[in-house]
Amino acid sequence: MAAHSRLLQLLIIVLFGTFVARFLVKDIPAAKRVVSKVRLFRACSDDRYSDVYDKPSDPALAKEYALVNERHFGGRLPTIPIRWEPRLGEGSDPGPAGLRVQGLWHKCGRRIQILVNPVLKSDAHALRRTLCHEMIHEHLYASGDTRTKHGPAFQTVLQRLLDEKAFEGILATESDKGFLRSWLSQEKSALASMDRDLRQERDALHKMDKQFDRLNARIRLANVAGFGGPSDSDVEALEDARNKRVFVINALVRKYNERGGEFNKQVKRYNIMVSYPDGLDEENSFQPNDPAGGYVDQKKRHKKTRK
Ligand SMILES: [Zn+2]
């Protein structure tokens, strides 16, 4: 009997204690921090990838990780699994801008891994950039910082790695990058519209060339017959019109090539821009655009067969 009542007392104390603890946790910042740390400790940052923890690292990625660790983190980062993950970026349509997730530092309980999008296999610079980014997450976590995502502490290490030339990149704010992205979209449409104009001008020139052929045929016939044929003013008028058109086309081609060259330069710049908005734990890249240009100046002269 006595044992039973003692057990009941204990149960009541535990229940009451839990209630008080819960109440306190809500109001005491330190307790709140402890709870959030425990939660963080147990949480999975993304459940989709928890099935690959036990798979071995990709040897090439592991080698690259070890190299960056040795050169830029004094070899202090722990060896963690790192592998290609084709599912990165899945479920989010790259869209017209072609944005894709490139890498992820992934934590599930005490287990940590780095996942890299296989699209980076063909781009060593982008791979290194992504790897450095994920390794900074690992560095912060390993040094006890479980709160920083892409905040000041992250940015400080990022700047150091950039200074040490760990990767090729330009530091930019998210708004800089957004501004350039919208400029690129606008410029792409402007170039497409110039391209349409050029095609129209060239079609018109082609029609004029056919007119010239017909005119030349008439001149040849007149030369044989010794009379008739188009008047000098008709020929000169067509010649003038054609020269003007060639001038317009060449000016358009020059402008197109200039703008196309600048566009390509900015696409390249965009792709090495490194910016991280707070709270976003994924990195995106802009898929390269088709290179503009490819036009050549053309100056076709009509044949004068008239004597
Ligand atoms: Zn990140």
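Condition test on K177, is it buried (at least 16 other Cβ atoms within 10 Å of the Cβ), charged (D, E, K, R) and assigned to a helix (DSSP H, G or I)?
Numbers: buried (at least 16 other Cβ atoms within 10 Å of the Cβ): yes; charged (D, E, K, R): yes; assigned to a helix (DSSP H, G or I): yes.
In short, yes.
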Scanning region 57-82 for residues that are polar (S, T, N, Q) and assigned to a loop (DSSP other than H, G, I, E, B), the one surrounded by the most Cβ atoms within 10 Å (Cβ to Cβ) turns out to be S57
Output the number of the condition that H72 fails; it satisfies all remaining conditions of (1) in contact with a Leu (Cβ under 6 Å, 6 or more places away or on another chain); (2) at pLDDT below 85.
(2)
Exactly one of A126, A142, A153 is modelled with pLDDT under 90, within 16 Å of the ligand (Cβ to nearest atom) and either surrounded by fewer than 18 Cβ atoms within 10 Å (Cβ to Cβ) or among the acidic types (D, E) (or both), and that residue is A153
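Residue-by-condition table, conditions (1) of a type outside the set (F, W, Y); (2) on the phi > 0 side of the Ramachandran plot; (3) touching a residue at least 24 places away in the same chain (Cβ under 8 Å):
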residue: H133; (1), (2), (3): yes, no, yes
residue: G144; (1), (2), (3): yes, yes, no
residue: A153; (1), (2), (3): yes, no, no
residue: F167; (1), (2), (3): no, no, yes
Identify, please: which residue in region 156-174 is modelled with pLDDT of 85 or more and part of a helix (DSSP H, G or I) and is, among those, farthest from the ligand (Cβ to nearest atom)?
D163
Being buried (at least 21 other Cβ atoms within 10 Å of the Cβ), modelled with pLDDT of 90 or more, within 27 Å of Y53 (Cβ to Cβ) and polar (S, T, N, Q) is true for just one of Q102, Q113. Which residue is that?
Q113
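The values are calculated or read from the model by the stated rules, or taken from the named source; none is laboratory data. The model shown is predicted, which means the values in this text are computed figures rather than measured ones. Counting neighbours? That spans all protein chains shown, and the Cβs are built from the backbone with ideal geometry, glycine included.
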